[in-house]
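The values are calculated or read from the model by the stated rules, or taken from the named source; none is laboratory data. Keep in mind that what you see is a predicted model, and the values were worked out from it rather than measured. Here Cβ is always computed from backbone atoms with ideal geometry, including for glycine, and neighbour counts include all displayed protein chains.
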Amino acid sequence: MNVYITGAATTKFGELWATSPRQLAGEAVGGALKDAGIGIRRIQALFVGNMLSGILGGQEHLGAFFAEELGITAPAFKIEGACASGGLALHNAVNSVLSGQYDTVVVLGVEKMTDHKPEDVATALMGAGSEEERSAGATFPGLYAILACAYMREYGTTREQLAAVAVKNHYHASLNPNAQFHTTITIEQVVRSSRIADPLRLLDCSPISDGASAVVVSNKKSAHGILVAASTVATDSLGLAGRASLTQLAATKEAGKRAYARAGITPKDIDVAEVHDCFTIAEILAMEDLGFFAKGKAAAAIAAGETRLGKSRHLVVNPSGGLKGCGHPVGATGVKQIVELVDQLRGRAGARQVQGATIGLAHNVGGSGATAVVHILKK
């Protein structure tokens with residue numbers, strides 16, 4: 001049996017002060033259903049990817065919450081896996097259709113973060129870290145700064161090469177009407193922005209965001225359906241202290257390896273990728289862990305424009321703007337990545353279209369790499 005994405009839609013990402021989670025969900029799901037050409041009564045299950053609704057909003061029962069709002073009487077589930085919640089929701093939806101339990105389901109990724117104080121959001125996000133890291137007062141910028149320091153020390157990566165990731169992704173975001181940021185930035189602006197956790201600066205870090213994205217998953221092939229060729233998940237230790245290496249994310253490597261095998265392809269076959277660039281170092285690690293570049297080579301390749309629209313001869317990475325430029329409403333990110341790939345493979349990405357794209361990869365990470373989800377889509 002094959003599984004397809006038959007409809008996909010996203011809201012704008014950003015500081016959406018006047019928009020409620022209910023409105024975000026309605027816009028995203030309504031858009032996905034319209035794109036699929038079906039009504040709500042065709043939906044046999046709802047999978048909601050979300051991380052922070054219980055901690056920040058006091059509402060954990062999101063399956064029933066959004067099913068009621070959307071008018072869905074079918075089974076509904078909340079899936080949580082930190083910032084990989086959206087990817088995990090899609091993974092569960094795909095498996096539910098492959099099992100024969102359902103024919104057509106909806107995946108909704110949603111998060112409302114900007115209504116809360118930044119310090120409260122930072123504390124809530126650290127729920128994805130280890131107890132030891134929380135006790136030490138660590139934050140995720142601090143944890144990824146540790147990864148950046150280890151990587152830079154081992155491979156000689158420069159501060160400017162880190163900055164080049166943010167510059168590329170802001171350029172891509174400037175072409176995306178749904179992105180949080182539409183202003184391009186320079187290497188100098190990144191390097192001179194406020195220090196958050198050395199060596200990471202403010203413009204190395206993805207923002208606090210609101211937004212929702214949704215896809216329709218079905219075993220019914222449609223004229224514009226996109227094949228889900230692989231959906232894989234891998235896990236690692238919750239905290240950095242349990243890792244064998246600080247210059248790779250083992251969960252990403254394993255999930256990627258399984259995905260390529262399942263799809264019957266190699267990294268060289270990927271035309272467009274949406275990877276989890278919560279911090280600039282995260283995209284560099286992902287490029288190597290997913291097999292696109294040899295160890296220690298990704299930073300220089302990104303800085304040279306090898307993954308940038310208009311410059312890359314093959315692989316374009318994060319044409320949506322990624323988490324850094326498009327925004328990072330954590331539960332929605334993994335689903336937004338899929339929406340972007342669907343748009344790319346259907347040739348409807350507008351100014352950010354990757355010409356001739358037929359195979360795309362999405363990479364969604366929870367925490368500092370404790371969970372990694374990889375999806376491969378084929379036109």
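Summary table
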item	result
Matching helices (runs of 4 or more DSSP H) fully within the stretch 1-95 where at least 2 residues are in contact with a Ser or Thr (Cβ under 7 Å, 6 or more places away or on another chain)	21-36
Cross-chain or 6+ apart pairs with Cβ under 8 Å, the stretch 322-350 first and farther than 23 Å from Ile79 by Cα and at pLDDT 95 or above, then of a type in the set (S, T, N, Q) and part of a helix (DSSP H, G or I)	Lys324/Asn169; Lys324/Thr280; Gly325/Asn169
Test: Ala299 is at pLDDT 95 or above, among the aliphatic types (A, V, I, L, M) and surrounded by fewer than 20 Cβ atoms within 10 Å (Cβ to Cβ)	no
Spans of strands (runs of 3 or more DSSP E) in the stretch 172-272 with at least 1 residues surrounded by fewer than 21 Cβ atoms within 10 Å (Cβ to Cβ) and without any contact (Cβ under 8 Å) to a residue 24 or more places away in the chain	195-197
Segments classed as helices (runs of 4 or more DSSP H), wholly inside the stretch 276-379, with at least 2 members that are of a type in the set (Asp, Glu)	280-289, 330-345
Some residue of the stretch 309-316 being over 23 Å from Ser213 (Cα atoms), out of contact with any Ser or Thr (no Cβ under 8 Å at 6 or more places or on another chain) and at pLDDT 95 or above	yes
